[in-house]
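Here the structure is laid out as structure tokens; the discussion comes afterwards.
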Amino acid sequence: MRILLVEDDQMIGESVEEGLRLQHYAVDWVRSGSTATVALSCNMYDLILLDLGLPKKLGLDVLAEYRKQGGNTPVLILTARDTPAERVKGLDAGADDYLVKPFDLNELLARIRALLRRHTGRTQPIITCHGLVLNPASHAVTLHGAVLSLSAREFALLQALIDPPGRVISKTQLEEKLYGWQDEVESNTVEVYIHHLRKKLGTDFIKNVRGVGYMVPDQL
Amino acid sequence: MRTLRQQLLLWLLGGMFVCSMIAGSALYLKVREEANELFDVQLRQATQSLSALTGVADSDDHEELEDQVVVQVWDQKGVLVYSSSLQAALPRYAQGGYQTVRIGDKHWRIYAKNRQSVFIQAAQPVDVREALAKKIAMRSLSPFLLLIPVLGVLIWIVVGRSMRPLNRLADAVGRRSADALQPLSADGLPPEIRPVVEALNDLLEQLDHALATQRAFVADAAHELRSPLTALKLQLQLAEYAANDEQRAVAFHKLHDRLDRASRLVQQLLTLARQEPGYVRDHNEAVDLQLLAQQIVADYYVLAERRKIDLGVETSSLSQIVQGNADSLRILLSNLVDNALRYSANGGKVDISTPVIEGCPALRIADNGPGIAQNDQTRVFDRFFRGEETTAWGSGLGLAIVKNIADAHAATIHLTTTSEKHGLTVTLVFHRSKNQQCIEMHSTNLSKT
């Protein structure tokens, strides 16, 4: 899961980024509205964390512009402005949720999970697929009741493939979900992780769509 | 609207006139009545005086003997031939005319006249006359005594009526509160009170503005405090999640940084509040800018050394004295040096100098940091303003504090960032007070010095 963090405050940005990385999200952190717009036009994100009080180009302008251009990634506003009018303005500008500073890191993570879940059309907090059970909050995975041990990247890759299943996802898209700008990407890492996952889940669980990417089918 | 003076004059004069007319009429009637009564008494006395001539002394009249006029007649030989009163036989006072005499313990008013063959003398006790005169005078006065309370009520009502706009104004002022400082209406107010209302409205407007500024400041401050608190809270949770001692140590180190930042913001907020216009009263100390610069450099030397920044003062043989508040000026220079150090890269250079600009003492702080973009230069003095993409953390209050202090010292601030040479130069020119103009030296242009 790749998240764009738009926050001009060095210290808050640092802590949020670290907190997100601990939860195995790939994070791109930008410090101004204009760089946020650039980042949004070049990359696919699963979620945007947006601070409203940015210097020069305001968070709400970034949001309005993004929605106008058809961007449908969920947006969670992080702001110190807490009046009901400000909340309404933020939500009406196209935000999906609103969190007032100072916020709790756990609450932020829970809201991120809820937004990601809602965005995929899922109502259950637990992701299930062909006997596989993924808990995005605890990162616990079981297959037919047996606990599976997955690395952070493997978990992220698997979640990207089965939430929801039945979509073909290209290697580039998977890479984007796994790595932020700062992360070094080796050329065959996705293949390596797919290989590991197949060993743990069975070879047929993830299908190869030749020349396109990978897919976990709806029905086996 | 008439003036208060006109209103009072009109109503009081009118009222007095009406009252005087009523009292005068009453007095007229009263005096006429009294005069008639007096004439009646004279009539009666005349008959009584003559009743002795007839030889029939009316026993009924004896009681009124005291009031009676005693008429006596003497013949040529000096024999008393007639007396109206048998009891009161007065001696003959031969000189005639009006006189007051004392007989026994009683004073008498006497009129006597020699008429060819007889000498006639009429006498009346003075106390009777006096009592009668007093009675008449008192009765005549009564309308005026009645007039006094009436006039009192009239004055009460007229003054009350005229003061009604004042009461309305007092009510309106009383209804004003810190939340409702709308201007007072001058409609229907006498011209004397208008200047008061205008002055009050000016004051209300200033108060409203000051309150709004203060409210905005408190709101901004609360808002700004949220950022360091958010950073603190997040970092605290990350410290809790730390998997090992090494991670925990890093997390705690960051926690300290964030706490320092929150403390500094609070400190700067307090400093700003203390340097608000009107807070510092004493601006009469003589402050040597050269000495001040040396003290500040000494304060910041360790910090600069740690970051390998070359911090120094350009020494000048001239001592530059300005009138002001030493503490405020120290805060001003500290903030400017702190800013310069904060935004300078490691190994940078910060110079403080005390030039003379157009004959005025000045302070100049030059660094070789990133400088301030031209279009941000007016906004950097706003509270909590921060430029885009600034990596150094600041409270956003430093330059606002500097501006407040500079304003209090009638100093102007010039920011210069030249595009070819990086860095920011802040120049403060201390214009002397109005009566002590700087020596005009137009040859030394600000940009050249």
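The values are calculated or read from the model by the stated rules, or taken from the named source; none is laboratory data. Given the structure is predicted, the values throughout are model-derived calculations rather than measurements. In this analysis, Cβ positions are derived from the backbone assuming ideal geometry, glycine residues included, and neighbour counts consider all displayed protein chains. These area figures cover heavy atoms from the full protein model, side chains too; ligands, DNA and RNA do not enter into them. Shrake-Rupley method; radii C 1.70, N 1.55, O 1.52, S 1.80 Å.
Using the empirical formula 2.2 N^0.38 Å as the baseline, the Cα radius of gyration of the range B:270-343 reaches a ratio of 1.21. In a fully extended conformation the segment linking B:Met1 and B:Trp156 would gain 53.7 nm over its present Cα-Cα distance, using 0.36 nm per residue. Can you pull the percent of Cα pairs in the range B:95-254 with separation above 25 Å? Within the range B:95-254, distances greater than 25 Å cover 73 percent of Cα pairs.
Taking the three principal axes of the alpha carbon atoms in the range A:132-220, the coordinate ranges are 35, 28, 21 Å, sorted in descending order. In terms of accessible area, using a 1.4 Å probe and ignoring ligands and nucleic acids, B:His209, A:His196 rank largest first as B:His209, A:His196. Pair-distance distribution of the range B:200-272: all C-alpha pairs, bin width 10 Å, starting at 0; shares per bin in whole percent are 18, 31, 21, 15, 8, 5, 1. Calculated accessible area for the protein assembly as shown comes out at 55 Å² per residue, all protein chains present (probe 1.4 Å; ligands, DNA, RNA ignored).
In a reduced charge model with +1 at each Lys and Arg Cβ and -1 at each Asp and Glu Cβ, the protein assembly as shown shows a dipole moment near 880 debye about its Cα centre.
When B and A come together, around 2400 square angstrom of accessible surface is lost from both chains combined, probe 1.4 Å. Calculated mean residue ellipticity at 222 nm for chain B: -18000 deg cm²/dmol, from DSSP H runs with n ≥ 4 weighted as -39500 (n - 2.57), summed, divided by the residue count and rounded to 500. P(r) for the range A:8-47, from all Cα pairs and a bin width of 10 Å, is 28, 52, 20 %, short bins first. If the chain linking A:Ala140 and A:Arg198 were pulled fully straight, counting 0.36 nm for each residue of separation and taking away their Cα-Cα distance, it would gain 19.1 nm. Toward the positive end of the charge dipole of chain A, with +1 on the Cβ of Lys and Arg and -1 on the Cβ of Asp and Glu, the farthest Cα among A:Ala26, A:Ser149, A:Pro102 is that of A:Ser149. Solvent-accessible area of the protein assembly as shown (1.4 angstrom probe, protein heavy atoms only): carbon and sulfur portion equals 56 percent. Name the residue from B:Gly96, B:Gln124, B:Met138 whose Cα lies farthest towards the positive end of the charge dipole of the range B:71-157, charges +1 on Cβ of Lys and Arg and -1 on Cβ of Asp and Glu. The Cα lying farthest towards the positive end belongs to B:Gly96. Before rounding to the nearest 500, sum -39500 (n - 2.57) across all DSSP H runs of length at least 4 in chain A and divide by the residue total; then give [θ] at 222 nm in deg cm²/dmol. Rounded to the nearest 500, it is -12500 deg cm²/dmol. Spin-label model, B:Val266/B:Gln182: points 7 Å from Cα along the beta carbon direction are separated by 4.1 nm. Note on A:Gln124/A:Asn43: beta-carbon distance plugged into 1/(1 + (r/R0)^6) with R0 of 35 Å gives a FRET efficiency of 0.75.
In a simple Cβ point-charge model (Lys, Arg +1; Asp, Glu -1; nothing else charged), the range A:75-220 has a dipole of about 340 debye relative to its Cα centre.
I need the shape label for the range B:158-245. Rule: rounded when a/c is under 1.5, else prolate if a/b > b/c, else oblate, with a, b, c from the alpha carbon gyration tensor. Taking the square roots of the gyration eigenvalues as a ≥ b ≥ c, the range B:158-245 is prolate. When the Cα convex hull of the range A:41-122 is projected onto planes of every orientation, the mean area is 5.8 nm².
Each Lys or Arg adds one and each Asp or Glu takes one away; over the other residues whose Cβ falls under 9 Å from the Cβ of A:Asn43, this sums to -1.
Dipole orientation for the protein assembly as shown: of the candidates A:His195, B:Leu189, B:Ala298, B:Leu189 has the Cα lying most toward the positive pole (charges on Cβ; Lys, Arg +1; Asp, Glu -1).
Take every DSSP beta bridge whose two residues both sit in the range A:71-220; close to 80 percent of them are antiparallel. Centre-to-centre, using Cα atoms only, the range B:176-210 and the range B:232-260 are separated by 56 Å. The accessible-area ordering, largest first, of the residues B:Leu318, B:Leu147 stands as B:Leu318, B:Leu147, per a 1.4 angstrom probe. Ratio of Rg to Rh for chain B: 1.55 [Cα atoms; Kirkwood radius as inverse mean 1/r over pairs]. Computed about the Cα centre, the dipole magnitude for chain B is approximately 660 debye when only Lys and Arg (+1) and Asp and Glu (-1) carry charge, each at its Cβ.
Taking a ≥ b ≥ c as the square roots of the eigenvalues of the alpha-carbon gyration tensor, the range B:334-403 is classed oblate because a/c is 1.5 or more while a/b is no larger than b/c.
Computed with every protein chain present, the accessible area of A:Cys42 is close to 90 Å² [probe 1.4 Å].
Once the chain from B:Glu192 to B:Ala26 is taken as fully extended at 0.36 nm per residue, the excess over their C-alpha distance is 55.8 nm. Label positions at B:Leu207 and A:Glu186, each projected 7 Å from the Cα along the C-beta direction, are separated by 7.5 nm.
Using every pair of separate Cα atoms, the Kirkwood estimate puts the hydrodynamic radius of the range B:308-354 at 12.1 angstrom. With R₀ set to 35 Å, the beta-carbon distance separating A:Asp104 from B:His256 gives a calculated FRET efficiency near 0.95. A Gaussian network model of chain A, with springs between Cα atoms under 10 Å, assigns the largest mean-square fluctuation among A:Val88, A:Val133, A:Val75 to A:Val88. Taking a ≥ b ≥ c as the square roots of the Cα gyration tensor eigenvalues, with a/c under 1.5 meaning rounded and otherwise prolate when a/b beats b/c, else oblate, which class fits the range B:199-329? In terms of gyration-tensor shape, oblate. With one equal scatterer per alpha carbon and no solvent term, the Debye-computed log10 I(q)/I(0) for the protein assembly as shown at 0.09, 0.10, 0.12 1/Å reads -0.97, -1.07, -1.25.
Sort B:169-179, B:307-317, B:261-271 by packing, meaning the average of other beta carbons within 10 Å per residue, with the highest value first.
B:261-271, B:307-317, B:169-179
Roughly how many Å is it from the Cα centre of the range A:54-114 to that of the range B:295-360, as a whole number? If we compute the Cα centre of each part, the gap is 43 Å.
When B:Trp108, B:Trp156, B:Trp11 are compared by accessible area of protein heavy atoms, the largest-first order is B:Trp156, B:Trp11, B:Trp108, using a 1.4 Å probe.
Across chain A, Cα-Cα distances exceeding 20 Å account for 59% of all pairs.
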